[in-house]
1. Does any residue in region 208-221 that is in contact (Cβ under 8 Å) with a residue 60 or more places away in the chain come within less than 8 Å, Cβ to Cβ, of a residue that is of a type in the set (V, I, T) and more than 16 Å from the ligand (Cβ to nearest atom) six or more places away or on a different chain, and which pairs are these?
2. Going through region 199-219 one residue at a time, which ones are among the acidic types (D, E) and either buried (at least 19 other Cβ atoms within 10 Å of the Cβ) or within 16 Å of the ligand (Cβ to nearest atom) (or both)?
3. Out of all the residues in region 229-246, which are modelled with pLDDT of 95 or more and over 14 Å from C371 (Cα atoms)?
4. In region 199-220, how many residues are in a loop (DSSP other than H, G, I, E, B), out of contact with any helix residue (DSSP H, G or I) (no Cβ under 6 Å at 6 or more places or on another chain) and under 18 Å from V167 (Cα atoms)?
5. Only one of these is within 25 Å of L462 (Cα to Cα) and either touching a strand residue (DSSP E or B) at 6+ places or on another chain (Cβ under 6 Å) or not polar (S, T, N, Q) (or both): R268, R211, R183, R283. Name it.
6. Output the qualifying pairs, or none if there are none: Cβ atoms under 7 angstrom, residues six or more apart or on different chains, first residue in region 236-250 and within 14 Å of N276 (Cβ to Cβ) and outside the structural domain of I282 (by TED's automatic domain parsing), second residue near the ligand (Cβ under 6 Å from one of its atoms) and of a type in the set (S, T, N, Q).
7. Return the residues of region 271-289 that are surrounded by fewer than 19 Cβ atoms within 10 Å (Cβ to Cβ) and either in a helix (DSSP H, G or I) or more than 11 Å from the ligand (Cβ to nearest atom) (or both); say none if nothing qualifies.
8. Restricting to region 330-355, and then to whatever is of a type outside the set (V, I, T) and in contact with a Cys (Cβ under 8 Å, 6 or more places away or on another chain), can you tell me which residue is surrounded by the most Cβ atoms within 10 Å (Cβ to Cβ)?
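The values are calculated or read from the model by the stated rules, or taken from the named source; none is laboratory data. Quick caveat, the model's predicted, so the values are computed rather than measured. Virtual Cβ from ideal backbone geometry, glycine too; neighbours counted across all protein chains shown.
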Amino acid sequence: MTPAARLAAAASVLDSIAQGRQPAEAVLKAWGSANRYAGSKDRRAIADRVYKVLRARGRLSWIMGGREDGRALVIGSLHALDGLPLEEIEALHSGDGYGPRPLSKQERARITAGQGELPGWVAAGLPEFVVEDFKATFGERWAEEAHALMAPRAPIDLRVNGAVATVEEVEAELREAGLEPARTPWSQWGLRLPSEPPPNIQALEGFKAGRFEIQDEGSQVVCWLAGAAPGMTVVDYCAGGGGKTLGLAQAMAVPDNGSAVSGMTKGRLVASDVVNKRLENIRPRLERAGVEAELVLIGQNGGGLEDLNGQADLVFVDAPCSGSGTWRRRPEDAWRLTAEEVDRLHGLQVRILGQAARLVKPGGRLVYVTCSMLSRENEASADAFEAAHPEFAPVPILPRSAGEGDHAQRGGGGGTGLGVDASDAGAASAPSTASRSPSPVNGGGFLRDGLGEFTKGHRIRLSPASADTDGFFAAVYERTA
Ligand SMILES: C[S@@+](CC[C@H](N)C(=O)[O-])C[C@H]1O[C@@H](n2cnc3c(N)ncnc32)[C@H](O)[C@@H]1O
């Protein structure tokens, strides 16, 4: 394909992305299958252009006079992102072959007009209502947070399945496969791979054998902070694809012979969701990881888990959310989100929390998690739950203190995150509540030091700018009555 034909293809892919709800990756893949003449270099160039445009969509649309079609956005990107002079852009729009048609008078005028002063939200590359929320949450740091959220090349994080492998073993295995893993900053079980060149993780033997899973470090951190431990009854209430179910299972695994290897999940692990297909997708992942869990399809009102009312030591609610914490991986979603949808999600989150709370036994934990950056889905949903449920007390999240056990390195002895030994988990979760204040969670030996700067009492916020993870929010509660 000529460079011009690639631009025309990118514009058409951008239009398809804008018209549907599919991830950009899926649309690009479908385009490649339908246009077999495109070679791998063509597909790569088209994908690069598409992502480049999606990350700067607001600014490009502004430059092109509010137009949102693929053609205009591509022209804007050649000018504003690639810095091409008008003549070169015109040469790429000669209309020859499969290239795009010549520039119109208006398009030419847009390019020669220059950008002028861009409003803050346009420069930040996020929808206007999102920028307002960022300003309220992050104060002076809002632009830095916005920039990191839309920045390219998010790393690929893996969670080593401590029940069957050590971090060192997986590290060596990845090196042998020609990859360059680094330890993640917060999770003791995390390994980080550069996104370029894109590693084919699923093709690796270790992946197929369940020795590691793809899981962003932020997602690992919230799993560890939940304080699941051997012997507990744990419900992953919004289990979705099961990423966190597997993390919770790892925290419930009892190492054999004091080593982290050959562990088994001890206790009862229930993964529920309202979408059966999602639960079905968990099955092969559980099998690969050697984890046993009950999969329960529940109704929108929580029906289906009545036998667990007041029985669970830990209920983990990874609620449906905007997914705005993952926009660096899926920038197209930023332009599909509306303020009305965020309001709807807020209402749903508070309702789901209320339903899930019924399952928690006295002295048990409830953990609220989102992968959102927005205060309306994070602090506001937690506030609403707290106001309606005085029987749940906030559990302080305290950073791990120096010198505590290093679970991933030595195996075992990681602690439960409940301030008790794993062997004591049953006793810790017995109704012992009365008037004592909940003991803090700290992620036991699953976390490294230093997370304190992201916590505020019983809440934690992680973001690409602050923690180099996807955006995550978690709040931890204990049922006191
Ligand atoms: C953020 S996703 C969960 C991701 C998953 N925990 C993971 O780590 O892969 C939210 C999930 O909540 C589910 N959900 C939506 N409404 C629900 C409801 N009323 N009760 C329980 N789950 C619900 C969705 O089907 C979706 O799978």
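1. Pairs found: A209/V164; G210/V164; E217/T184; Q220/T184; V221/I460.
2. Correct list: E213, D216, E217.
3. Hits for region 229-246 are M232, T233, V234, V235, D236, Y237, G242, T245, L246.
4. The total comes to 3.
5. Being within 25 Å of L462 (Cα to Cα) and either touching a strand residue (DSSP E or B) at 6+ places or on another chain (Cβ under 6 Å) or not polar (S, T, N, Q) (or both) holds for just one of R268, R211, R183, R283, which is R183.
6. Pairs that qualify, where the first residue is within 14 Å of N276 (Cβ to Cβ) and outside the structural domain of I282 (by TED's automatic domain parsing) and the partner is near the ligand (Cβ under 6 Å from one of its atoms) and of a type in the set (S, T, N, Q): there are none.
7. N276, K277, R278, E280, N281, R283, P284, R285, E287, R288 - these are the residues of region 271-289 that are surrounded by fewer than 19 Cβ atoms within 10 Å (Cβ to Cβ) and either in a helix (DSSP H, G or I) or more than 11 Å from the ligand (Cβ to nearest atom) (or both).
8. Q349
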